[in-house]
Structure formats: C-alpha cells, structure tokens
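The values are calculated or read from the model by the stated rules, or taken from the named source; none is laboratory data. Owing to the predicted nature of the structure, the values given are computational and were not obtained by experimental measurement. Cβ sites come from the backbone with ideal geometry, for glycine too, and all protein chains shown count toward neighbours.
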Amino acid sequence: MKKIILILMPLALVFAAFVFNACEKEESNNTQKVSDELTQMYFKEIQLADKEGINSVIIKVSSSDASILELYSSYNFEIIPVKDGQSLNEALTEYYGEQNESDQIDDNLDTEEDDSENVIPSVSFQVISKDLGDGYRNVAINYLHPDDGDERAKWRYYNHYGYEDCVTITRVSWNRRVYVGVYYKWTSSSRWSTITGTWFKLKNNESHNKCKTGSYQLKARVKAKKSGAYTIEFDD
C-alpha cells in the first residue's frame, strides 16, 4: 500500500499544478482580454442614463494603458435619445438647439498633421447593452473625453465598435476639428476592410453615415483634439 501511495503522490501533485495554472490563466484572460483584436487590454464597464432617466446603456471602455481608464466615468458621456420616427439630426437639434453653421474659424486653424498615433495609446468604446423607453428607437452618445495630461502629441485617437449595420459620426462643435475612418468585418476572424479611409474631415454639423448590411462588426475611428467634439450612433 505504501508503494502505491508513493507512486500516486507525484501524479497528484502534477495534476494539481496543471489545474492551478489553468485556472490562473483563465482568470487573467477574464480581467485583461477584450473581444476581437483588442487582446491583452484593460477595460471597465460604465452604466449611463439620459437626463430624464428613461434610456440607459452600458458601455465598455478599453485601453492598453490602465491609467487612462481611471479618467473615465459616467460624466464623460452624454446620452442623446432618438425617438421613434426621428432622425439623428433631429434628435441632435432637439438636444443641443440650433447650432452655428459657420465653419470659417475652423478653416483658418492650423491644419498640420502628425504621425504620432503609434506612441499614444488609443481608447476604445463599445455599447454592450441598451435599455430603451417606450417611444424611443435608439440613443446616440456624445463623448466628453478627459484630459489625460499627455503632451506627447496634439491629437487623440478613439475606436468605436458596434455590431449594428450602420454607424453615423456627427461633428457637434464648430471650432473642434474631427477626422474619421470607417471599417467593417464580415466575420469575427476576418480582417478589417475599409469603407472610409482615414482621415476624412467632418465639417461643422456634418454627419458621416456608412452602412455594411450583413457585416459582423463595424469600427469607427476618430481623431480629435478636444472633448465634446463628436457624437456617434450605431443603428440597424
């Protein structure tokens, strides 16, 4: 009996070590891994509601830099309800009021581009659930990005993901430039294909709407200097 025990003990220790390592690996993936190509990134989920408390969403914010996520809270987003039969532009007008149509000052600003995207961690967003009230067909989100205190580049880069067939990016600030690009995937494992190549410049109050019916996922890339410069709606 003692010989049998001595033989089985090393096998038991090897099996226990295997189970422990597997569990540890699974836990690590659950805390750092995000869907699609956003692997090994930190993320947090934030619950948002509109001013009336009728419509709410949960948004996932992710980045390769955990310190950036600490800057984001519900105060960095505005929920813009879109009623049944209402266009996004009508919803924006109802929310913000009539906006200044002039783009003159923006055109006189410095238009110099930079190539610093690779050294600045981008931030990604995806609405993972919606709870809409009666009489509402969707919500759009205005992004009030925080100041990350990083002076290595003038521009910031943001990725927005949705499983819907269409995305609309609207510039809502007359003096804050916004550049966009739109991409799609046919399947979860396919590569991104281009709909609108970066960087397409939005004029004041201009909306850029692109659809890819039957696609697996859409991605809108945004390049902007200031917060509160654009609104995004994913819709079927």
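Take the conditions modelled with pLDDT of 90 or more and closer than 30 Å to Gly228 by Cα and apply them to Ile68. Does it pass? The answer is no for Ile68. For Ser188, the conditions (1) of a type in the set (Gly, Ala, Ser); (2) surrounded by 21 or more Cβ atoms within 10 Å (Cβ to Cβ); (3) more than 24 Å from Thr93 (Cα to Cα) are fulfilled apart from (2).
Here segment 138-162 is the region considered, the condition is being in contact with a Pro (Cβ under 9 Å, 6 or more places away or on another chain) and part of a strand (DSSP E or B), and the residue that is modelled with the lowest pLDDT is Tyr157.
Listed here are the residues, each with its yes/no results for (1) crowded, with 19+ Cβ neighbours inside 10 Å; (2) of a type in the set (A, V, I, L, M, F, W, C).
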{"site": "Gly53", "(1), (2)": "no, no"}
{"site": "Val57", "(1), (2)": "yes, yes"}
{"site": "Val61", "(1), (2)": "yes, yes"}
{"site": "Ala66", "(1), (2)": "no, yes"}
{"site": "Tyr72", "(1), (2)": "yes, no"}
{"site": "Tyr75", "(1), (2)": "no, no"}
{"site": "Ile80", "(1), (2)": "yes, yes"}
{"site": "Lys83", "(1), (2)": "no, no"}
{"site": "Leu88", "(1), (2)": "yes, yes"}
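Considering segment 152-185, and only residues there that are crowded, with 19+ Cβ neighbours inside 10 Å and in contact with a helix residue (DSSP H, G or I) (Cβ under 8 Å, 6 or more places away or on another chain), the residue that is nearest to Asn89 (Cα to Cα) turns out to be Thr170. Do we find a residue being more than 23 Å from Thr168 (Cβ to Cβ) and modelled with pLDDT of 90 or more anywhere in segment 98-105? No. The residues of segment 161-184 that are touching a residue at least 40 places away in the same chain (Cβ under 8 Å) and either over 15 Å from Val222 (Cβ atoms) or aromatic (Phe, Trp, Tyr) (or both), listed by number, are Tyr161, Tyr163, Glu164, Asp165, Cys166, Trp174, Asn175, Tyr179. Among the residues making up segment 163-188, those that are at pLDDT 90 or above, over 17 Å from Ala140 (Cα atoms) and of a type in the set (Ser, Thr, Tyr) are Tyr179, Tyr183, Tyr184, Thr187.
For Ala224, the conditions (1) crowded, with 20+ Cβ neighbours inside 10 Å; (2) more than 21 Å from Ile79 (Cα to Cα) are fulfilled apart from (2).
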